[in-house]
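The values are calculated or read from the model by the stated rules, or taken from the named source; none is laboratory data. Quantities reported herein were computed from a predicted structural model and do not represent experimental measurements. Reconstructed Cβ throughout: ideal geometry from the backbone, glycine too, with neighbour counts over all protein chains shown.
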């Protein structure tokens, strides 16, 4: 069974010094991947990853994940290849169909129905891959191919991941019915198993890694108390029982229990890659150390 890999996504950083400290700390804690999301109001993903690649010579550099509707495939291929060259072959292209309607409207970009966004996602995957595989493409990426991650939770987008991705990213969240766009609730453990099985079936034996995005990591506190506190932050959308059962929340009384839970999830869901947000850097870092020491 493959080793679990760990990633961290950069969040709010206010200075070069803070960013440098974050990258160095992620490196020191044993994270494998430094990832950048694609949201207005956050760091530009490729600039952030290029900078991270200059600070750490080890961390892999992943977009996690780009809004496909923000990008032209030709220009995206150039960005990916440039990052791969400058990092000496550590780039990973993470793509998603997009889920924040308000950001599209703010950028004055069209917000399409889900089926059209998923179709655009697959078209972009194919076109970027075609360009990067072309020996005449400049700059020429070091990796052939550059690893592709598709992050999703809907069945249509996960179908794209099953057909093309080296890394399938399970976000664990879904749009809350009847709520404004961008309001999310948790997928249940049963729904997650269903999505995992769908991807396995549609992949048809093709090998890939399965990544789960941990939204919450709380170690050293009673899990029921931690779940109750988190649920208070989103009344009507989250409940403590949902959080306790969810594979995107890691709530454990101690580090050893957290390690065992991640290993259990690898068995149940196939998650051999774990990513979390910057706020959880230290908490998951403790788990990484214990996992690798065991």
Task: Residues located in region 183-199, provided they are within 13 Å of residue 171 (Cβ to Cβ) and over 18 Å from the mean Cα position of the chain (by Cα) - done: 191
Open item on the list: Being in contact (Cβ under 8 Å) with a residue 60 or more places away in the chain, over 19 Å from residue 70 (Cα atoms) and within 20 Å of the chain's Cα centre (by Cα) is the requirement here; does residue 146 meet it?
Closed with: yes
Task: Residue ID - surrounded by the most Cβ atoms within 10 Å (Cβ to Cβ), chosen from residues in region 152-173 that are assigned to a loop (DSSP other than H, G, I, E, B) and touching a strand residue (DSSP E or B) at 6+ places or on another chain (Cβ under 7 Å) - done: 165
Open item on the list: Suppose the filter is closer than 13 Å to residue 149 by Cα, touching a residue at least 40 places away in the same chain (Cβ under 8 Å) and outside any loop (DSSP other than H, G, I, E, B); does residue 199 pass it?
Closed with: no
- [ ] Residues being assigned to a loop (DSSP other than H, G, I, E, B) and either touching a helix residue (DSSP H, G or I) at 6+ places or on another chain (Cβ under 9 Å) or crowded, with 16+ Cβ neighbours inside 10 Å (or both): count how many of those fall in region 73-92.
- [x] 3
Task: Hits in region 14-47 - residues which are in contact with a helix residue (DSSP H, G or I) (Cβ under 6 Å, 6 or more places away or on another chain) and without any contact (Cβ under 8 Å) to a residue 60 or more places away in the chain - done: 20, 23, 34, 36, 38, 46
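Give the residue, chosen from 96, 102, that is surrounded by fewer than 20 Cβ atoms within 10 Å (Cβ to Cβ) and either touching a strand residue (DSSP E or B) at 6+ places or on another chain (Cβ under 6 Å) or over 21 Å from residue 213 (Cα atoms) (or both). Show your work before the answer.
Working: 96 fails: surrounded by fewer than 20 Cβ atoms within 10 Å (Cβ to Cβ).
None of the other options fit; the residue is 102.
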Task: Lone qualifier among 121, 95 - being assigned to a strand (DSSP E or B) and either over 22 Å from residue 35 (Cβ atoms) or modelled with pLDDT of 95 or more (or both) - done: 95
Open item on the list: Residues that are more than 20 Å from residue 83 (Cα to Cα) and assigned to a strand (DSSP E or B): does region 4-24 have at least one?
Closed with: yes
Open item on the list: Can you go through 178, 182 and tell me which one is assigned to a loop (DSSP other than H, G, I, E, B), out of contact with any strand residue (DSSP E or B) (no Cβ under 7 Å at 6 or more places or on another chain), modelled with pLDDT under 95 and farther than 24 Å from residue 277 by Cβ?
Closed with: 178
